[in-house]
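In what follows, a single structure is set out as structure tokens and then discussed.
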Amino acid sequence: MSSNESSQPLAGAIGSGLTRAAAWGALFGALETAGRLTYYTWLLEEGRLTVPPTGLVDAIVCVVLSACTMAVVGLGLGVVGLLVLSPVLALVARSRDAAWRARFAPVVAVVGGALFLQLYWYSRFFVDFAYSEPWSSPKRLALGGVLALAAGVVGMFAANRLERRGSSNSRAALAGLIVLALVSAGLSWREDAKDDVAARRGVDHNVVLFIIDTLRADHLACYGYPRPTSPRIDELARDGVLFERAIAQAPYTWTSFGSIFTGKYPRAHGLLKMDATQRFDPKRNVTIQQVLDAAGHRTGAFMTGMISNASGLLDGFATYFESTVGRDPVRRASLWSYWRSELVAHALWNKLRRALDPAIVSNEAIAWLDDHANDRFFLVVHLFSTHTPYDPPRAYDVFETSGASDLDRFTTDHARAIEMGQWTPTDGDKARITDLYDGGVLFADAQVGSVVDELARLGVLDETAIVITADHGEAFGENGPFWEHDWMFNTNQHVPLIVRLPGKAGAGTRVPVPVETVDIAPTLVDLLQLPPMADVHGESLMPWARGERPKTDDFAYCENNYYESIQNAEWKLVRPRAPDPKDPPRLYHLASDPGERRNVAKSKPEALAAMTAALDAWVKSLPEWRIDRGGPASAEIGDLASQLGYVGDRPHEGSNVIDEDASKQDAEKKSQ
């Protein structure tokens, strides 16, 4: 240490320490974004990931802005160091004066803090419980403590090395940061200016599409559920058209979203498999958001769960928000907004915001509406409170049964334990699981209501079409050891579909025949009087609001990576995608067996032949196109898919279905 430093006034030492902290933060920010730019550009060239094309000038802009952003974060950590670490250092390093502590503590805080943030964020890819356990669990807290200790040791070492080098460049560094901040403000303004909207076409209506992940239709009061789980959705149903038999085109998320957005069946849009190596191709598929964006709508998607920009499904939205993976809202007109969302500090901040605000997705959507109330808009709100883990906020955990159970949440790990025969839930446990799920339904309903209230407050409710649906349903063990989703039973396929039209057209209409979620996109195009989308398989449902019957084909189809199915009002056929003698087709008479518990394929040959012919014709009319692309769309999405149960072996579906003929033969043998 130089003699000048040893006699440095306290105020100057504080300024020196905070300047160093800001400089270290800027260095971390610049290196993080530069590293991501290099890595993502390589993935882009390899065809393994789609990121916004970023030229050299834009790359420099984003690196500079990242440096400035993290300089502010570093300054904040430096202040924390002064307030928290400096008193600790006074106890453990009594030979050092206050000026030394003022220079030393901020650097320890920013280096150790920045390192901790990186370690904590990326530990999710190496520690199994990082997704499945809440942040407040003992395991997560213990992991955080170990990482904080390691980061603190490194921070102490770095600060000690820097202290020995002196602080003669502090003023120059501070001046550089000020210049950098001014430059960044100008560059940020340059980015914000790039936000054009296409000329308006079609009818002057807005559209809000709610997709409530994993929502069973039969758990809404408007579909006959006895519990008051959905007062706000019920109100929309009374003012709109309710489709009693809406069938999702896949029993899991990505594929179903692909069909909702394109109006195509899964084998046509190609996203049949849900894992991180697959990516929806928006260039090969025209989506409803692309159509409405071109028609002059402001388009925004506020998502929870597995739907991410990395999946390709959000292409066409001018603004998107990925809550679960920890991202800021991103505006495609601003490259900086994308790269800012990739900063670990921002990601963790959004994770914290999500932990503190369970309704963050609907609240962000409301903020977006406030900004675009004078525009025509297409807003998608993806809610997740009905997906595992079933853990509703306390204010919504209001349903109680008489069954005794110690469960306070239900997770994918619980479901897998049941399916693998490692745990048998009691009747009380099953009742508690339903209570928790219904609390999630009530919470989703409240979020729908908050968005609708904002539309009313902004004076645009009467000119806005509101659609409520789900990507798939959920199984509670009704058909054997099958829980959650990716099953071909109607517990997974039957979803709500409610359309409240501008002016409440068709209010009170209930449609009993099967319809499909591929009908949503063509319905919106018809509503807005835009040219029909090409190559869609769905049909507009608008004639129902006019008292007409538009459907000429009352069949509904669903498929996953293993099975394909067809159903109408009376029958349902499920069969493997490839013939398998160990897994014969299953035919259910839905009119008498809505729970799909008895396979009548052998005893009803005429019905089997008719349904098989119809399914064969459908398969023949749609040559299958599968995505075959190596490499991860996103490491985060890959880990999240595994934690949410989308990766791994599942029990055989047909193993717990009663074969009606076999059961009759057994009964005859016993009687003899």
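The values are calculated or read from the model by the stated rules, or taken from the named source; none is laboratory data. This structure is a prediction, so every number in the text was calculated from the model and none was measured. Every residue, glycine as well, gets a Cβ built from its backbone with ideal geometry; the counts of neighbours run over all protein chains shown.
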Within region 240-259, identify whether any single residue is without any contact (Cβ under 8 Å) to a residue 60 or more places away in the chain and at positive phi, and answer yes or no. no
Mind checking whether some residue in region 475-486 is within 23 Å of Gln249 (Cβ to Cβ), of a type in the set (A, V, I, L, M, F, W, C) and without any contact (Cβ under 8 Å) to a residue 24 or more places away in the chain? yes
Go over the candidates Arg331, Arg298, Arg284 one by one and state the one that is in the same structural domain as Asp370 (by TED's automatic domain parsing) and more than 24 Å from Leu528 (Cα to Cα). Arg331
Considering (1) among the acidic types (Asp, Glu); (2) modelled with pLDDT under 95; (3) not in a loop (DSSP other than H, G, I, E, B), say which one Glu364 fails and leave the rest. (2)
Restricted to region 216-230 and to residues being touching a Leu at 6+ places or on another chain (Cβ under 9 Å) and part of a helix (DSSP H, G or I), the residue surrounded by the most Cβ atoms within 10 Å (Cβ to Cβ) is Ala217
Limited to region 506-555, what total is found for residues that are small (Gly, Ala, Ser) and under 15 Å from Thr287 (Cβ atoms)? 3
Counting only residues that are more than 29 Å from Asp204 (Cβ to Cβ) and out of contact with any Phe, Trp or Tyr (no Cβ under 7 Å at 6 or more places or on another chain), how many does region 255-266 have? 3
Are any residues in region 531-548 touching a residue at least 24 places away in the same chain (Cβ under 8 Å), over 29 Å from the mean Cα position of the chain (by Cα) and part of a loop (DSSP other than H, G, I, E, B), and if so, which ones? Arg546, Gly547
From the list Pro358, Pro282, which one is surrounded by fewer than 23 Cβ atoms within 10 Å (Cβ to Cβ) and touching a Gly at 6+ places or on another chain (Cβ under 9 Å)? Pro282
Residue check: is Leu215 aliphatic (A, V, I, L, M), modelled with pLDDT of 95 or more and in the same structural domain as Ala456 (by TED's automatic domain parsing)? yes
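Scan region 504-515 and give yes if some residue there is among the β-branched types (Val, Ile, Thr) and without any contact (Cβ under 8 Å) to a residue 40 or more places away in the chain, otherwise no.
no
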Please enumerate the residues belonging to region 588-625 that are of a type outside the set (Asp, Glu), surrounded by 15 or more Cβ atoms within 10 Å (Cβ to Cβ), farther than 29 Å from Asp281 by Cα and within 34 Å of the chain's Cα centre (by Cα). Tyr588, Leu590, Arg597
Show the residue pairs that are 6+ apart or on different chains and have beta-carbon atoms under 9 Å apart, the first residue being within region 16-37 and in a helix (DSSP H, G or I), the second being crowded, with 24+ Cβ neighbours inside 10 Å and among the aromatic types (Phe, Trp, Tyr). Gly17/Phe104; Thr33/Trp339; Arg36/Trp339; Leu37/Trp339
Pairing a residue in region 602-616 that is modelled with pLDDT of 95 or more with any residue that is surrounded by 11 or more Cβ atoms within 10 Å (Cβ to Cβ) and small (Gly, Ala, Ser), where Cβ atoms lie under 7 Å and the two sit 6 or more apart in sequence or on different chains, gives Leu608/Ala601
If the requirement is being surrounded by fewer than 22 Cβ atoms within 10 Å (Cβ to Cβ), free of Cβ contacts under 8 Å to residues at least 60 places away in the same chain and assigned to a loop (DSSP other than H, G, I, E, B), which of these qualifies: Leu407, Leu313, Leu352? Leu407
